[in-house]
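No lab work stands behind these numbers, since they all come straight from the coordinates. Note that the structure is predicted; figures quoted are calculated from it, not measured. Here the Cβ positions follow ideal geometry from the backbone for every residue, glycine too, while neighbour counts run over all protein chains shown.
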């Protein structure tokens, strides 16, 4: 019988050692080593080696941008930029957020006129069929392969030659050449390497689903993220209504774009126009509201910032924030007391970002100040005005990034005025949008 030995693998970078170490000498991570059992078979060659072609001059390499094609799902394409032959995509997210649903919908869309393999290691064929029926998926080009054995999967791919390959999930695949269990660092690393090598050799796109750890990181060794061409992460807003698809890495497209979805009975539906998703409809005048032009990737959409001030019943007034950092709100309240003479020390202050969004952009400062001051003084808010600018501790309004994009989209969405930092007054606004540059929060509040 072949002898086996224990080795320790770093879960972050795949570094291997014969003894446990507290800190990985290669990537520097602490407590990242796990024990694996290694047998002589672990040194076997790949089950699908791709022969090398030798060096070739770069100007001789054939490539055409027309080879890029669409998934047929608008918001998915917005985040990914389409698909190129041989592209390896890793999709990750929390359990139950919709990874398998999105992958199945994408596979069904791509199966029109193509042969698509869907490796379902987590569910039986009947379970996937049941979910497909609920999503209204009826296509003959989508083939289910319920097998976790990597060698069997590679054999089926070699035999049937699919055009696109999906694997749900990476943690369920295993190779019998390794003694460790499915989901271990060794199995995940080798399974990913095997499928990606196969994808590149055959020129077929590959979509992999991966779980996440308790800390929110993509499960498995970090090397998997280096091997793939694109890393997508799907997350939800604090209320669980919207699904946001982000590109963390993309060798063939920008990582600036994001896709928005809602989850319904028919699966994930893309939101192409989100201009009204995060604002409210008010009848008549209202106080305690400011409109902030939020930017996500290359998208700009208005977000309603709501502020509420009430007389405090406690010795220490309350500060509560939903969607922004509470420490940031406390700082802005202190600036308002110092520079505007606002008596917030006797008031409870509440700030809410509609739609359950979380915003870390410092350009939000001025909109929060406007909303809180409007509520404190019970002054009606100008709902046709967008407000943005970073507030300094001395009360100055500092410049923000992507000013032109915010102004252009705000005009397209029908806003009439924009309160902006004075230092950026030289930027020409679009026709029909009145720009009001302010040097300090005092000048800004005077416009209320």
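With contacts defined as alpha carbon pairs under 8 Å and 6 or more residues apart, what's the relative contact order of the chain in percent?
Relative contact order for the chain comes out at 13 percent.
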Using only the alpha-carbon atoms, how far is helix 365-377 inclined from the longest principal axis of the chain? Give it as 0 to 90 degrees, nearest 10. 40
Among (1) 46, 21, 19; (2) 43, 24, 20; (3) 50, 26, 21, the entry that matches semi-axes √(5λ) of the Cα gyration tensor in Å as calculated here: (3)
Taking the 0 to 90 degree range and rounding to the nearest ten, how far is the long axis of helix 125-134 tilted relative to the main principal axis of the chain, both from C-alpha atoms? 30
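Let a ≥ b ≥ c be the square roots of the eigenvalues of the Cα gyration tensor of the range 70-270; is it rounded (a/c under 1.5), or, if not, prolate (a/b larger than b/c) or oblate?
In terms of gyration-tensor shape, rounded.
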Students often check this: by mean Cβ neighbours within 10 Å, which of 327-337, 73-83 ranks highest, and how do the rest follow? 73-83, 327-337
What ranking, highest mean first, results for peptides 269-281, 180-192 when packing means the other Cβ atoms within 10 Å averaged over each residue? 180-192, 269-281
Max mean-square fluctuation residue, GNM over the chain, Cα-Cα springs under 10 Å, options 421, 85, 430: 430
Please report, in cubic angstrom per residue, the volume enclosed by the convex hull of the alpha-carbon atoms of the range 289-445. 98
Rounding to the nearest 10 and keeping the result within 0 to 90°, find how far the Cα-based axis of helix 99-110 lies from the longest principal axis of the chain. 70
Could you rank the peptides 371-377, 23-29, 205-211 by their average count of other C-beta atoms within 10 Å per residue, with the highest value first? 205-211, 371-377, 23-29
